[in-house]
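**Student:** Input: one structure, supplied below.
The values are calculated or read from the model by the stated rules, or taken from the named source; none is laboratory data. Nothing here was measured: the structure is a model prediction, and the numbers come from that model. FYI the Cβ positions are ideal-geometry reconstructions off the backbone, even for glycines, and counts take in every protein chain you see.
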Amino acid sequence: MSDETAAGTREDARPAPAPAPAPADAPPALAQNDAPTPPAPRPTRARARTSPHRTPRRPGRAGPVPERLRWAVDGLGLRGDEQVLEVGGGPGVSAALVCARLTTGRLLAVDRSPTATRATAERNAAHVGSGRLVVLQRALADLGPTDVPDGVVDVALAVDVNVFWVADAPPEAAVLHRVLRPGAVLHVLFGAGGPTAPDRVVPRVRAALAAAGFVDLADVAAAPGFGVRARRP
């Protein structure tokens, strides 16, 4: 779990309400060629004066963007029309970076933590309102065809998600193989300076993705982080 997720957890000690069950005929969270709805124009209001007694922002709502997240999102090479899946994005910092690069595309942000999904939706309320961002509380292994149909995702991103190297054949990799279209690229990345060395993580990630059927595996390394990129054949 990323350090942003930890920050989001401290934000609110109240238990999150259970998500309402989706109706039987609910549409998938991410569907092919499903463009977001443009946001309605907002009325112009005068900017309030800054007060020295202004209440500070809650943790996770503002602050510098970690360099590893900028690097990870820049590496996606988005044109703007892609259907993007992010796994384990914590409080939504990287989701904001992705949505800023999308035009007709859409991002589905999946996280099993109710605290993280709530923080992602709050941080990116405008993108949720426009339909550019869909936030789903779900474990990746439980992501089914009613959530995301087969072969509709153009690019997938996971930053600091440990499941891809702590298990030999994680079901999560098989789920990503299912939802990605042929030719789509999966980016499994980790921030530099963490407690685990790349020479331990990268070989295990490569083995897990290869076992799931991914091809063209390539090691990625830069000052902000490291990981593996792989293509869905």
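**Student:** Select from region 171-185 the residues that are in a strand (DSSP E or B) and either β-branched (Val, Ile, Thr) or at pLDDT below 95 (or both) and list them in ascending order.
**Tutor:** Answer for region 171-185, where residues must be in a strand (DSSP E or B) and either β-branched (Val, Ile, Thr) or at pLDDT below 95 (or both): just VAL185.
**Student:** Of the numbered conditions (1) crowded, with 22+ Cβ neighbours inside 10 Å; (2) among the small types (Gly, Ala, Ser); (3) part of a strand (DSSP E or B), ALA208 satisfies every one except a single condition; which is it?
**Tutor:** Evaluating ALA208 over (1) crowded, with 22+ Cβ neighbours inside 10 Å; (2) among the small types (Gly, Ala, Ser); (3) part of a strand (DSSP E or B) leaves (3) as the failure.
**Student:** Quick check on GLU86: is it surrounded by 11 or more Cβ atoms within 10 Å (Cβ to Cβ) and at pLDDT 50 or above?
**Tutor:** Considered against the rule, which asks whether it is surrounded by 11 or more Cβ atoms within 10 Å (Cβ to Cβ) and at pLDDT 50 or above, GLU86 comes out as yes.
Quick grid of which residues meet (1) of a type in the set (Val, Ile, Thr); (2) crowded, with 23+ Cβ neighbours inside 10 Å; (3) at pLDDT 95 or above; (4) part of a helix (DSSP H, G or I):
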site	(1), (2), (3), (4)
ALA126	no, no, yes, yes
VAL148	yes, yes, yes, no
ALA158	no, yes, yes, no
TRP165	no, no, no, yes
ALA169	no, no, no, no
HIS187	no, no, yes, no
ASP219	no, no, yes, no
ALA230	no, yes, yes, no
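**Student:** Tell me which of these VAL163 doesn't satisfy, since it passes every other one: (1) among the aliphatic types (A, V, I, L, M); (2) without any contact (Cβ under 8 Å) to a residue 24 or more places away in the chain; (3) touching a Leu at 6+ places or on another chain (Cβ under 7 Å).
**Tutor:** Checking VAL163 against (1) among the aliphatic types (A, V, I, L, M); (2) without any contact (Cβ under 8 Å) to a residue 24 or more places away in the chain; (3) touching a Leu at 6+ places or on another chain (Cβ under 7 Å), the one that fails is (3).
**Student:** Kindly indicate whether LEU186 is of a type in the set (A, V, I, L, M) and in contact with a helix residue (DSSP H, G or I) (Cβ under 7 Å, 6 or more places away or on another chain).
**Tutor:** On the way: of a type in the set (A, V, I, L, M): yes; in contact with a helix residue (DSSP H, G or I) (Cβ under 7 Å, 6 or more places away or on another chain): yes.
Yes: the conditions hold for LEU186.
**Student:** Let me ask you something else. Which one is surrounded by the most Cβ atoms within 10 Å (Cβ to Cβ) among residues in region 99-121 that are closer than 16 Å to VAL87 by Cβ and among the basic types (Lys, Arg)?
**Tutor:** Filtering region 99-121 for residues that are closer than 16 Å to VAL87 by Cβ and among the basic types (Lys, Arg), the one surrounded by the most Cβ atoms within 10 Å (Cβ to Cβ) comes out as ARG106.
**Student:** Within region 93-109, can you find the residues that are under 23 Å from PHE164 (Cβ atoms) and in contact (Cβ under 8 Å) with a residue 60 or more places away in the chain? Walk me through it before giving the result.
**Tutor:** First, pick out the residues of region 93-109 that are under 23 Å from PHE164 (Cβ atoms): 93-95, 97-98, 107-109.
If the condition is that a residue be under 23 Å from PHE164 (Cβ atoms) and in contact (Cβ under 8 Å) with a residue 60 or more places away in the chain, then VAL93, SER94, LEU108 are the ones that fit.
**Student:** List every residue pair whose Cβ atoms lie under 7 Å apart, where the two residues are 6 or more positions apart in sequence or sit on different chains, the first residue falls within region 206-223 and is in contact (Cβ under 8 Å) with a residue 60 or more places away in the chain, and the second residue, located anywhere, is surrounded by 13 or more Cβ atoms within 10 Å (Cβ to Cβ) and not hydrophobic (A, V, I, L, M, F, W, C).
**Tutor:** Short answer, once both residue conditions are applied: VAL220/GLY227; VAL220/ARG229.
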